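Colleague: Take a look at this one; I'll ask things after.
The values are calculated or read from the model by the stated rules, or taken from the named source; none is laboratory data. Here the structure is a predicted model, which is why all the values come from computation and not from measurement. No Cβ is skipped: glycine too gets one built from the backbone with ideal geometry, and neighbour counts run over all protein chains shown.
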Amino acid sequence: MEDLELLSDFSSFLKEKKEEGKKIIGFISHDNIPEELFDAGGFIPLRLMFGGNDDLMTASHDFLPPSTCAFAQSCIGLFSLKPRSYKFLEFIDYFLVSNHCVSDICASEIISKYFNIPRLNFYISYTKTNNSLTYLKLELQDLKQNLESIMGSKIENEDLLNSIKKYNNFKKKLLEFNKLYVKGSEKLKIIQKALLFGPDFHPTLENIIQKYKENSNDFENTSKDVILTGCSIFINDYIIDLIEEGGANIVFYDTWIGNSYFSQIISDDLIEAEKDPLNLFVHRFNKNIYGDHSVPNFLENKIAQILDMYHQYKQKTGKKLAVINHIIKFCDHISIMSSFFKNKLQDQGIPVLNLERDYSKANKGQLSTRIEAFLEMI
Amino acid sequence: MIMSLMADELVRFSSVLRIAYNFLGGRDYLKRKKFREKKKLISVALPFSDLAFIAGTVPVFPIRMQIFEINKYLRYLGSASNIFGWNRVSDFLGFVKNLGIGELSKLIDDIIDEVIDTINKKYNEMYDLGIESGIPSDFCYGIKSLYGMHTSKIKNVEATLNFTIRCSAWNKYLESLKTIENTSQQIWIDIPPRNIGNSLELLTENLSKAVEKLELITGKSVSDNDMRTHFQIGNQVKKSYKTILYEISTSDFYPCNPATFSEILALLSITFQDYNSDAKRYAENLSFLVNEMRERIRKGIGMDVSKRPKILVTPMFGGWPPESHEIIYELGGRAIYADWDILYLLEEIDVSSSSNPLEEYARFLLKATEHGIGCDNNTLTNSYVRIAKKIDADGLVFIQLFGCHSVSNCYTMLKEKIRQDLEIPSIALTFNKIGENVEQVNTRLGAFMEMF
């Protein structure tokens, strides 16, 4: 079921921002986008983080072959079909083409070209060397200049630093929320909403945290605890329901809609010490060693991270965790490593389910069976 | 039979026999280089072999480390050529054929048929191995095959030369080679995604670091002259390649039957990736090939193709239905393969004494990124159109490779540009694996060719 209320609220939020004269920059929700730069320039970042369905995927086939990442397909489908509840996408003034993966490039380019949304570019190197960091700085400067030229005014360092601090505090709050023992689906909904609205959601988030703290014993978990890694679960995706109906509770979202986002906090010391705030983004990119964009150490870093989470959780709760590796069909980054990822973790005694799927309804039954069978085994 | 070459026509192209033999006999050649001459092997794919040549290592497109079933007569020819030279062997074959000794002629036909058939079978074998070894079946033919090629052979190479490009599956595939047992060192060259600011300088430095790593492998240092010498040879290869593409393939008279011509182009496309591990030999072979083609045209040996529409079939380097050019030929057309120029990888590199050769190589790579492989599909489709114009194509067959999210997923955008800029018919063929969907290819190409 679509969360119509959330979409409607978001639509009103954007409308309000537009009325204030703000311009909206859409982008496909992945790593390394400097949303603080948008914020400092007076733009509103709009992440495309909406789950797909059969119609959306099919609509994209006018532009890209069906063997394209199902999420990228759905993003195109949203612009092509313009579903009523997503009318707010018409508010987008600019679309950022970035290269998190090649499907990101292609889908963003199509959205910009065929739906007449002016394009901005922001490309990132695949490796993490001194030169790729220097290159990132070039891209940041280029993006900043383009934003300034749109707005007709400079983005002052002070404003940028304030935005960075604002997002930092927001992420810290999300980290605090993430530590609460909350039912997985509830946690996900709040994380999704937070990422969608950005720091404007901060006060609401504080209230939510307070509420959960006051009712800390409400959640009695009888399910099996799992980490969700791989591809994010986007808004209105049914997969979270299938996982919970199958008997699992996600205790940790090791995905971009989750820990990979809010764990990327820039230290206060660095903020104080750095004269050029653009360098802070470079620093953040360099520290983002678990992001799936980078090569050549993604797999080993990711395995080390999961092992660390597993052991910490076991030490803290005495319980073992299983891992669901969520693979959106035709996702290059997650899919190609999936069998190696699974083998390496299973060698360490950690059960892993490589859950590959697209957004079609027809797969629901099969997915449920796979989830249930996996959970029975652990 | 997949991709049968017209041996009658090929017998006088001794250079093609050489290129084929050097490809198929790669394993013995590489063993000799590695164990007798103590040379270091470096795995390369796509036409990114230059640095390996420059450093004095031996670049190898990994399928060539596999054992190919080489027809015993081709093996004999190869051995004979070592003693008598290829020209004399070829003359002998032509003589035998002209005498009409049926049995021997048949053998020659078989040899050439088997060459191509063998390559395709090996590709499919590697594809299966790639999947068995853990690459999901959703990935493109090229990536699955490349991983398969490395599984048992990566231990033989000192390093893999890894250039990042816009295709994320490619970059991740390169990382995934680390999962193979006894894997080798990885040397990464990050190509900046866009040519902005001092990207050229950054890429030059990245290349320089890669050269340093290669120097550590060989224990020998590389001079600017070494670089220029190699780029000069590379330029010669590219010149010959472009002559074949633009002078011969666009002419009204072909030095052979058009299906054979397409197969020569296919063979060049495959072997261009590592120059069959010997740049000088490859440049000579290509130069011979150009001369042989021109000579035949001059003598009027070959076929009038003036009435045959030129069909650009692309992209094919990552896998394509090899029967397509035969079908196009049978239906009155001629298929042309020109992928490497579409991707701007046939551009020559400035080797003047005043230039910094590594910077010139960086410039070449950035240009390929900027205009060829492209930052996005808009650039890439412009390049498809550019080459279709350059060969004055009458039609375009676009190979939509299953699982490819990069160079072969842009047909919708391309179709529009073809309609606007070229006004020629085009069609997309889906491809997954060699030998699959032959009927569909037949039917669709049949319908397409009726338009001419």
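Colleague: Would you mind finding the one in A:Ile289, A:Ile327, A:Ile336 that is over 19 Å from A:Asp225 (Cβ atoms), surrounded by fewer than 16 Cβ atoms within 10 Å (Cβ to Cβ), hydrophobic (A, V, I, L, M, F, W, C) and not assigned by TED's automatic domain parsing to the domain that holds A:Asn32?
Modeller: Values: A:Ile327 fails: surrounded by fewer than 16 Cβ atoms within 10 Å (Cβ to Cβ); A:Ile336 fails: surrounded by fewer than 16 Cβ atoms within 10 Å (Cβ to Cβ).
One residue alone meets the criteria, A:Ile289.
Quick grid of which residues meet (1) touching a residue at least 60 places away in the same chain (Cβ under 8 Å); (2) surrounded by fewer than 21 Cβ atoms within 10 Å (Cβ to Cβ):
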| residue | (1), (2) |
| --- | --- |
| A:Gly51 | yes, no |
| A:Leu56 | yes, no |
| A:Ser60 | no, no |
| A:Ala70 | yes, no |
| A:Phe79 | no, no |
| A:Arg84 | no, yes |
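Colleague: Please work out which one of (1) more than 9 Å from every other protein chain (Cβ to nearest Cβ); (2) free of Cβ contacts under 8 Å to residues at least 12 places away in the same chain; (3) within 30 Å of A:Asn288 (Cα to Cα) is the condition A:Thr129 fails and give its number.
Modeller: (1) is the only condition that A:Thr129 fails.
Colleague: In segment A:172-195, what residues are touching a residue at least 40 places away in the same chain (Cβ under 8 Å), touching a helix residue (DSSP H, G or I) at 6+ places or on another chain (Cβ under 6 Å) and crowded, with 20+ Cβ neighbours inside 10 Å?
Modeller: A:Leu174, A:Leu188
Colleague: Does B:Gly446 fit the bill of being of a type outside the set (Lys, Arg), assigned to a helix (DSSP H, G or I) and farther than 18 Å from B:Asn378 by Cα? If you could, list the steps in order and put the result at the bottom.
Modeller: Numbers: of a type outside the set (Lys, Arg): yes; assigned to a helix (DSSP H, G or I): yes; farther than 18 Å from B:Asn378 by Cα: yes.
Spelling it out, B:Gly446 is indeed of a type outside the set (Lys, Arg), assigned to a helix (DSSP H, G or I) and farther than 18 Å from B:Asn378 by Cα.
Colleague: Here is a further query. Consider A:Tyr212 carefully, then state whether it is of a type in the set (Ser, Thr, Tyr), under 28 Å from A:Asn169 (Cβ atoms) and outside the structural domain of A:Ser8 (by TED's automatic domain parsing). Give the derivation first.
Modeller: Values: of a type in the set (Ser, Thr, Tyr): yes; under 28 Å from A:Asn169 (Cβ atoms): yes; outside the structural domain of A:Ser8 (by TED's automatic domain parsing): yes.
The answer is yes for A:Tyr212.
Colleague: Right, next: Among the residues of segment B:316-325, how many are touching a strand residue (DSSP E or B) at 6+ places or on another chain (Cβ under 8 Å) and part of a loop (DSSP other than H, G, I, E, B)?
Modeller: So in segment B:316-325, the residues touching a strand residue (DSSP E or B) at 6+ places or on another chain (Cβ under 8 Å) come out as B:316, B:318-321, B:324-325.
Add one more test, that the residue is part of a loop (DSSP other than H, G, I, E, B), and what stays is B:316, B:318-321.
The qualifying residues number 5.
Colleague: If a residue counts only when it is modelled with pLDDT under 95 and touching a helix residue (DSSP H, G or I) at 6+ places or on another chain (Cβ under 8 Å), which helices (runs of 4 or more DSSP H) contained entirely in segment B:1-65 have at least 1 such residues?
Modeller: Qualifying helices (runs of 4 or more DSSP H): B:7-10, B:14-24, B:26-31.
Colleague: Identify all residues within segment B:353-376 that are of a type outside the set (A, V, I, L, M, F, W, C) and at pLDDT below 95; write none if there are none. Show your work before the answer.
Modeller: We begin by selecting, within segment B:353-376, every residue of a type outside the set (A, V, I, L, M, F, W, C); these are B:353-357, B:359-361, B:363, B:367, B:369-372, B:374, B:376.
Listed by number, the residues that qualify are B:Ser353, B:Ser354, B:Ser355, B:Thr369, B:Glu370, B:His371, B:Gly372, B:Gly374, B:Asp376.
Colleague: Consider segment A:88-110. How many of its residues are touching a Ser or Thr at 6+ places or on another chain (Cβ under 9 Å), part of a helix (DSSP H, G or I) and more than 10 Å from chain B (Cβ to nearest Cβ)? Step through it out loud before you land on a result.
Modeller: Here is the first cut: in segment A:88-110, the residues touching a Ser or Thr at 6+ places or on another chain (Cβ under 9 Å) are A:88, A:91, A:94-108, A:110.
Applying the additional criterion that residues be part of a helix (DSSP H, G or I) yields A:88, A:91, A:102-108, A:110.
Next, only the ones that are more than 10 Å from chain B (Cβ to nearest Cβ) stay: A:88, A:91.
Count: 2.
Colleague: Counting just the residues of segment A:270-313 that are of a type in the set (Asp, Glu), at pLDDT 95 or above and in a helix (DSSP H, G or I), which one comes out nearest to B:Gln186 (Cα to Cα)?
Modeller: Filtering first and then ranking leaves A:Glu300.
Colleague: What is the one condition in (1) within 23 Å of A:Ala72 (Cβ to Cβ); (2) without any contact (Cβ under 8 Å) to a residue 40 or more places away in the chain; (3) in contact with a Leu (Cβ under 7 Å, 6 or more places away or on another chain); (4) among the small types (Gly, Ala, Ser) that B:Gly374 does not satisfy?
Modeller: Among (1) within 23 Å of A:Ala72 (Cβ to Cβ); (2) without any contact (Cβ under 8 Å) to a residue 40 or more places away in the chain; (3) in contact with a Leu (Cβ under 7 Å, 6 or more places away or on another chain); (4) among the small types (Gly, Ala, Ser), the lone unmet condition for B:Gly374 is (2).
Colleague: Can you pull out the residues in segment A:329-345 that are in contact with a strand residue (DSSP E or B) (Cβ under 7 Å, 6 or more places away or on another chain) and either among the acidic types (Asp, Glu) or more than 8 Å from chain B (Cβ to nearest Cβ) (or both)?
Modeller: A:Ile334, A:Phe341, A:Lys342, A:Leu345
Colleague: Being touching a residue at least 12 places away in the same chain (Cβ under 8 Å), within 16 Å of B:Leu174 (Cα to Cα) and within 11 Å of chain A (Cβ to nearest Cβ) is the filter here; which residues of segment B:131-147 pass it?
Modeller: Residues satisfying the conditions are B:Ile131, B:Ser133, B:Gly134, B:Ile135, B:Phe139, B:Cys140, B:Ile143, B:Lys144, B:Tyr147.
Colleague: Still on this structure, please answer the following. Of the conditions (1) within 13 Å of chain A (Cβ to nearest Cβ); (2) at pLDDT 95 or above; (3) out of contact with any Pro (no Cβ under 9 Å at 6 or more places or on another chain), B:Glu125 clears all except one; give me its number.
Modeller: Failed condition: (1).
Colleague: Working only within segment B:391-443, note down all residues that are among the hydrophobic types (A, V, I, L, M, F, W, C), more than 14 Å from chain A (Cβ to nearest Cβ) and either part of a loop (DSSP other than H, G, I, E, B) or surrounded by fewer than 17 Cβ atoms within 10 Å (Cβ to Cβ) (or both). Before the answer, list the steps.
Modeller: Kept after step one, since they are among the hydrophobic types (A, V, I, L, M, F, W, C), are these residues of segment B:391-443: B:391, B:393, B:396-399, B:401-402, B:404, B:407, B:410, B:413-414, B:418, B:422, B:424, B:427-429, B:431, B:434, B:438, B:441.
Narrowing the set further to residues that are more than 14 Å from chain A (Cβ to nearest Cβ) leaves B:391, B:393, B:396-397, B:418, B:422, B:424, B:427, B:434, B:438, B:441.
Of everything in segment B:391-443, those that are among the hydrophobic types (A, V, I, L, M, F, W, C), more than 14 Å from chain A (Cβ to nearest Cβ) and either part of a loop (DSSP other than H, G, I, E, B) or surrounded by fewer than 17 Cβ atoms within 10 Å (Cβ to Cβ) (or both) turn out to be B:Ile391, B:Ala393, B:Ile424, B:Ile434, B:Val438.
Colleague: Taking segment B:172-230 on its own, how many of its residues are over 23 Å from B:Ile135 (Cα atoms) and within 12 Å of chain A (Cβ to nearest Cβ)?
Modeller: Taking segment B:172-230 and keeping what is over 23 Å from B:Ile135 (Cα atoms), we get B:189-230.
So of that shortlist, the ones also within 12 Å of chain A (Cβ to nearest Cβ) come out as B:189-210.
Going through segment B:172-230 one residue at a time, the tally reaches 22.
Colleague: Ok, one more. From the residues in segment A:321-351 that are more than 22 Å from the chain's Cα centre (by Cα) and in contact (Cβ under 8 Å) with a residue 40 or more places away in the chain, which one is nearest to B:Leu177 (Cα to Cα)?
Modeller: Of everything passing the filter in segment A:321-351, A:Phe340 is nearest to B:Leu177 (Cα to Cα).
Colleague: Related question: Can you tell me which residue is farthest from the other protein chains (Cβ to nearest Cβ) among those in segment B:153-171 that are part of a helix (DSSP H, G or I) and in contact (Cβ under 8 Å) with a residue 40 or more places away in the chain? Write out each step before concluding.
Modeller: At the first step, the residues of segment B:153-171 found to be part of a helix (DSSP H, G or I) are B:154-156, B:168-171.
In the following step, the residues that additionally are in contact (Cβ under 8 Å) with a residue 40 or more places away in the chain were identified as B:154, B:156, B:168-170.
On the way: B:Ile154: 14, B:Asn156: 20, B:Ser168: 4, B:Ala169: 4, B:Trp170: 8 Å.
By that ranking, first place goes to B:Asn156.
Colleague: Among the residues of segment B:304-334, write down those that are under 13 Å from B:Ser251 (Cα atoms) and buried (at least 18 other Cβ atoms within 10 Å of the Cβ). It would help to see each step written out before you state the result.
Modeller: Start the filter on segment B:304-334 by keeping residues that are under 13 Å from B:Ser251 (Cα atoms), which leaves B:304-310, B:334.
Listed by number, the residues that qualify are B:Val305, B:Arg308, B:Pro309, B:Lys310, B:Arg334.
Colleague: State all residues of segment B:265-315 that are modelled with pLDDT of 95 or more, small (Gly, Ala, Ser) and not in a helix (DSSP H, G or I); if no residue qualifies, say none.
Modeller: Selection gives B:Ser306 alone.
Colleague: Being free of Cβ contacts under 8 Å to residues at least 12 places away in the same chain and facing chain B (nearest Cβ under 7 Å) is the filter here, so list the residues in segment A:114-126 that pass it. Explain how you work it out, then say what you get.
Modeller: Taking segment A:114-126 and keeping what is free of Cβ contacts under 8 Å to residues at least 12 places away in the same chain, we get A:116, A:125.
Of everything in segment A:114-126, just one residue is free of Cβ contacts under 8 Å to residues at least 12 places away in the same chain and facing chain B (nearest Cβ under 7 Å), namely A:Ser125.
Colleague: Name the single residue, out of those in segment A:132-183 being within 10 Å of another protein chain (Cβ to nearest Cβ) and of a type in the set (S, T, N, Q), that is farthest from A:Asn297 (Cα to Cα).
Modeller: The residue in question is A:Gln141.
Colleague: Here's something else I'd like to know. When you look at B:Leu346, is it touching a Lys or Arg at 6+ places or on another chain (Cβ under 8 Å) and either more than 14 Å from chain A (Cβ to nearest Cβ) or outside any loop (DSSP other than H, G, I, E, B) (or both), yes or no? Working first, answer last.
Modeller: On the way: touching a Lys or Arg at 6+ places or on another chain (Cβ under 8 Å): yes; either more than 14 Å from chain A (Cβ to nearest Cβ) or outside any loop (DSSP other than H, G, I, E, B) (or both): yes.
Here the answer is yes, as B:Leu346 does meet what is asked.
Colleague: Next up: Here are some residues: A:Lys154, A:Lys183, A:Lys165. Which one is basic (Lys, Arg), in contact with an Asp or Glu (Cβ under 6 Å, 6 or more places away or on another chain) and over 30 Å from B:Leu366 (Cα atoms)? Outline the logic, then answer.
Modeller: Numbers: A:Lys183 fails: in contact with an Asp or Glu (Cβ under 6 Å, 6 or more places away or on another chain); A:Lys165 fails: in contact with an Asp or Glu (Cβ under 6 Å, 6 or more places away or on another chain).
None of the other options fit; the residue is A:Lys154.
Colleague: Do we have B:Ile187 as touching a helix residue (DSSP H, G or I) at 6+ places or on another chain (Cβ under 9 Å), closer than 13 Å to A:Asn131 by Cβ and at pLDDT 95 or above here? Show your work before the answer.
Modeller: Details: touching a helix residue (DSSP H, G or I) at 6+ places or on another chain (Cβ under 9 Å): yes; closer than 13 Å to A:Asn131 by Cβ: no; at pLDDT 95 or above: yes.
Considered against the rule, which asks whether it is touching a helix residue (DSSP H, G or I) at 6+ places or on another chain (Cβ under 9 Å), closer than 13 Å to A:Asn131 by Cβ and at pLDDT 95 or above, B:Ile187 comes out as no.
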